[in-house]
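Beneath this line is the structure, given in structure tokens, with notes to follow.
The values are calculated or read from the model by the stated rules, or taken from the named source; none is laboratory data. As the structure is a prediction and not an experimental result, all values here were calculated from the model. All Cβ positions, glycine included, derive from the backbone under ideal geometry; neighbour counts span all protein chains shown.
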Amino acid sequence: MDEVLADYGASGVKFRLAERPEGRRLFDKHRSGDTLVVRRLDRLGRSYQDVVDCMRHFVRGGVIVRTVINNMTFDGATTDPVQQAVRDAMIAFLAATAQAQAEATKIAQQAGIAAAKDDPRKYAGRKPSYRRAAVEAVRGLLLQGQGASAIAKATRLSRQTVVRIQQDSGTVEQALARWGM
């Protein structure tokens, strides 16, 4: 029976496949003779070690792994040591490529954020969850002596936002100015 497992919740950069919910299901479901079809091997993980460990687990368990993009098939059927070495070298190469790509993406992302922060017209920080009217309402209620929880309920802001407005009014004003609110 064909079944599609999609892993949207956790990052392959931060978590090994076996630590992700759908990854655990993948390990639990596949038995000898099953075929696992993946878009590319890097969908199994973004670290070299994770991809290699996953592939070893599946191949040793008799699972056939096929890639859609490269149209490659990896299995444990061969007993020829040379073919096994070539298979393992190809897996290692694809796993190393996946990790290199993840690292390059992370570096490029960090550089982009740093460049955007250098030009305040491009990076205004995270958009505040409040507007000027809400800030004024919070300040008015604070002057009346109301507590943060009651103010949060009345203004539909989180309690933490009310506390931030109360304790760090300078940052609140800067955020409102940057976003033109």
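Quick check on the stretch 96-107. Is at least one of its residues loosely packed, with under 13 Cβ neighbours inside 10 Å and over 26 Å from Leu26 (Cβ atoms)? The answer is yes, given that some residue of the stretch 96-107 is loosely packed, with under 13 Cβ neighbours inside 10 Å and over 26 Å from Leu26 (Cβ atoms).
Conditions (1) surrounded by 12 or more Cβ atoms within 10 Å (Cβ to Cβ); (2) of a type in the set (Gly, Ala, Ser); (3) free of Cβ contacts under 8 Å to residues at least 60 places away in the same chain; (4) in contact with a Lys or Arg (Cβ under 6 Å, 6 or more places away or on another chain), marked per residue:
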residue: Val63; (1), (2), (3), (4): yes, no, yes, no
residue: Val82; (1), (2), (3), (4): no, no, yes, no
residue: Ala92; (1), (2), (3), (4): yes, yes, yes, no
residue: Gln110; (1), (2), (3), (4): no, no, yes, no
residue: Arg126; (1), (2), (3), (4): no, no, yes, no
residue: Tyr130; (1), (2), (3), (4): yes, no, yes, no
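Of the residues making up the stretch 1-45, those that are closer than 24 Å to Ala92 by Cβ, at pLDDT 75 or above and either assigned to a loop (DSSP other than H, G, I, E, B) or charged (D, E, K, R) (or both) are His30, Ser32, Asp34, Arg39, Arg40, Asp42, Arg43, Gly45. Take the conditions (1) more than 30 Å from Asp53 (Cα to Cα); (2) of a type in the set (Gly, Ala, Ser); (3) touching a residue at least 40 places away in the same chain (Cβ under 8 Å); Gly170 misses just one of them, which is (3). Evaluated against (1) aliphatic (A, V, I, L, M); (2) at pLDDT 90 or above; (3) under 30 Å from Leu44 (Cα atoms), Ala98 falls short on exactly one condition, (2). The helices (runs of 4 or more DSSP H) located wholly in the stretch 89-181 that include 3 or more residues which are β-branched (Val, Ile, Thr) occupy 159-167.
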